[in-house]
Amino acid sequence: MTDLEPKVDVALPPRRLSEEFSHPSTRRLSNEFTTAAADAGHDDDDVAILAAARFASSAGTSSVGSSPQKADVDHHGSPTATAAGSSGSGRDRVRSKSFLHRHVRGGRNRNRRTSVSDMRNKLADPGGPAGSGGRRESMTVRFFGMFAGGNGRSRSRSNSGLLGSGILSSVSSFGSIQKEPYTVLQKLVVEMRESLSHFDDDDDDNGSSSSSSISDGEGKAIVLDDAELESWAILIYESMSAPSRTFHGVSHCYDISHDADPIQKVSAFFHDVIYYSIDGGLSPAQEEVLHGLVQENPDDKAVSLCEGTFDDPTRLVIDIFGFKPGQTLNPFSGLNEFLSAALAVRCLKDALSLTHLAKIAACIEATIPFRAPDEDGTTCSDHLFERLKEANATYKMGMSHQELVEATQRAADLANRDVANFAVCDRAAFLSNTWNLLPESNISLRHTQSFRISDFTLALKKMSGFFTFLKPENIYTSFENKPTAKELSDMTERARANIQVSNIYMHCKLLSISVLYALAELTGGDAPIALFLGDLPTSKSISPAIEDYIALLPPSKGVQLDMRVFKLLRDGRDGESQFDIKNSPLAAYLYALMGDKDMEEALKLAVYPMTPDDATKLLDAIPRQAVVKIALSCAKICLTRAKKLEEVAAKYKP
């Protein structure tokens, strides 16, 4: 746990609560909360705080419910609302009771992934009475767990350390959630219909069509059928809602298609439909659409294009990707994108012209990431343009030179949208997205409660290697000065800075987990990570955790490190993760103690897999005080190995 910020005790004196939360509506709500909370055994302090927060969220349009900046905090740290609201209508009273029955008594609707640990550390003294190591999970903590916005399992404290501001901001965040007009599935139908109905707008300078039909390329309008649109949307939805998708889900399609043109939108919806290795091959629905296109070698699982005759739309996709029948497809460069493009074209071939299908295929081809230019400087966009030009002649599509240029620029733009996360200014958000990619390529991490220390070590080692060798110059692309050289340079430099920080961050995480790996090997072997670090906190359970016993101090004097990385480790990534807490107390502790140089030296000994001899070599490269502290801290959680962990600590005691 960090000692850099003030602790806040939830057990505020009843006198202050009664004085500071004394609004009539608060007292009324307090009575309602008392009734609902009686059988749960919660105390008066909890009830008063909950009532105050409920009143703050419904006090009126000018109150803190809509603007947390309007909440004042007095010198005692208590919240006071700047605007007085009405005492609430009868409807509001009913809603209050409904809220209580749902969330206080039964708790059935509580999101299991809410950030209880955030609230726990804002509100509770983790140590409890001296020597007890205990924590009471008060109703206050449960309340804040429900309203924390589900932004991860961070165990770091609030920057403000103020109870009142925590209540008001949490309630405000909850109140700001807007109800969507459509379900995710129906939104796909609606946006696809809207986009498809305006395809010809991109080829028409007037672009004023608002009909719900499109042209088949021969001037004949085709009416979009609800059943067909629904079937396409279901195929996309089911494919991208698989348990393996922790980043490349439907929301990713919406992220990259925001404010995009119609062709880009439809391309975005289909571009990640297939993730062959991550999803474990093709689903039955995908196989039905792609029947006869590819085959898998039963021995090495390599996927290759089938030999044979294909229809024009399928041959068009093959040509735009530059593939040949019988060719083995690279799982890391083109397999997924090709199959996704082929699926899109086969779905849409009866509704669209070859010209439109070619533009969609080009957009999806461009999303093959991280391709370096040829030795002569020819880029992937240059190659795509040439293949489009050849396909235009082969299939007699009649696209002009300018139309081919615009199709390639459109594709380059979608490709840049797809990797836009690399250039975000918020590094915590960038790391959150990166973290969500880990379970996609590491199946073991999908088992959030049972993955082993070695599993996490391997996942971090692979991701760290990826960042080490990734060249920022190969992330973004341009064609015919779109985006401009200046825009491309700006994106590349932002990506470079993010990669630099992320690389150090990954090394810190890798070293910390490798130290645990070493301790595990010396005390009985590999084990679930929870055995040494504690359980991930949930809205219903808070158990002992490693940071309860390791105080995070400022960086040691004379230690050179990247404060950007240290703050990310200490304060946490931006979003939640199913398998890891947002902040990294153990990594931050080691980084503050060792700095960049010593960390990199020790990391050379962080091998995988690890033997007991390897483990000893790694621990010898870590400051002795750190080995002692970490071993003894783990001993308080891992009781079955406490004796052996204490023996390790004794060996390294200065």
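One table, with the values for the structure above:
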{"item": "Two-site label geometry, residue 238 and residue 646: point separation in nm, points 7 Å out along Cα→Cβ", "result": "5.7 nm"}
{"item": "Interchain or long-range residues, amide H under 5 Å from residue 572's placed H", "result": "584"}
{"item": "Prolate/oblate/rounded label for the range 235-367 (Cα gyration tensor, a/c 1.5)", "result": "oblate"}
{"item": "Ranked by how many other beta carbons lie within 10 Å on average, peptides 536-546, 361-371 from highest", "result": "361-371, 536-546"}
{"item": "Spacing of the two label points (7 Å from each Cα toward its C-beta) at residue 277 and residue 299, in nm", "result": "2.0 nm"}
{"item": "Estimated FRET transfer efficiency (residue 420, residue 611; beta-carbon r; R0 45 Å; 0.05)", "result": "0.60"}
{"item": "Accessible surface of the range 509-633 [probe 1.4 Å, protein heavy atoms]: carbon and sulfur percent", "result": "53 percent"}
{"item": "Accessible area of the range 501-654 divided out per residue, in Å², using a probe of 1.4 angstrom", "result": "40 Å²"}
{"item": "Highest average packing first - 559-571, 638-650, Cβ atoms within 10 Å", "result": "559-571, 638-650"}
{"item": "The range 381-422, accessible surface, carbon-and-sulfur percent (1.4 angstrom probe)", "result": "48 percent"}
{"item": "Two-site FRET efficiency, residue 350 against residue 386, from Cβ-Cβ distance with R₀ of 41 Å, rounded to 0.05", "result": "0.90"}
{"item": "Inter-centroid distance (Cα atoms) of the range 296-353 relative to the range 592-613, Å", "result": "44 Å"}
{"item": "Rounded if a/c under 1.5, otherwise prolate or oblate - the range 242-291, Cα gyration tensor axes", "result": "oblate"}
{"item": "Alpha-carbon centroids, the range 386-430 and the range 262-291: separation in whole Å", "result": "19 Å"}
{"item": "Label-to-label distance, nm, for residues given as residue 541 and residue 182 (7 Å Cα→Cβ offset)", "result": "4.0 nm"}
{"item": "Nearest-0.05 FRET efficiency for residue 551 and residue 287, computed from C-beta distance (R0 51 Å)", "result": "0.40"}
{"item": "Prolate/oblate/rounded call for the range 341-421, Cα gyration tensor, a/c under 1.5 rounded", "result": "oblate"}
{"item": "Reach of residue 540 by Cα under 28 Å, taken over lysines that are not fewer than 8 positions away in the same chain", "result": "7, 97, 122, 179, 509, 582, 636"}
{"item": "Segment residue 374-residue 259, length gained on full extension (0.36 nm per residue, minus Cα span)", "result": "38.2 nm"}
{"item": "Full-stretch length increase - residue 493, residue 333 - with 0.36 nm per residue and alpha-carbon distance subtracted", "result": "55.2 nm"}
{"item": "Above-threshold pairs, the threshold being 28 Å between Cα atoms, out of 265/396; 471/629; 301/349; 462/643; 187/462", "result": "471/629; 301/349; 462/643; 187/462"}
{"item": "For the range 218-341: relative contact order, % (alpha-carbon pairs under 8 angstrom, 6 or more apart)", "result": "23 percent"}
{"item": "Heavy-atom accessible area ranking, 1.4 Å probe, most first, across 453, 177", "result": "177, 453"}
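The values are calculated or read from the model by the stated rules, or taken from the named source; none is laboratory data. Since this is a predicted model, take the numbers as computed values, not measurements. Cβ coordinates were reconstructed from backbone atoms using ideal geometry, including for glycine residues, and neighbour counts include every protein chain displayed. What goes into the accessible areas is simple: the full protein's heavy atoms, side chains included, and nothing from ligands, DNA or RNA. Shrake-Rupley method; radii C 1.70, N 1.55, O 1.52, S 1.80 Å.
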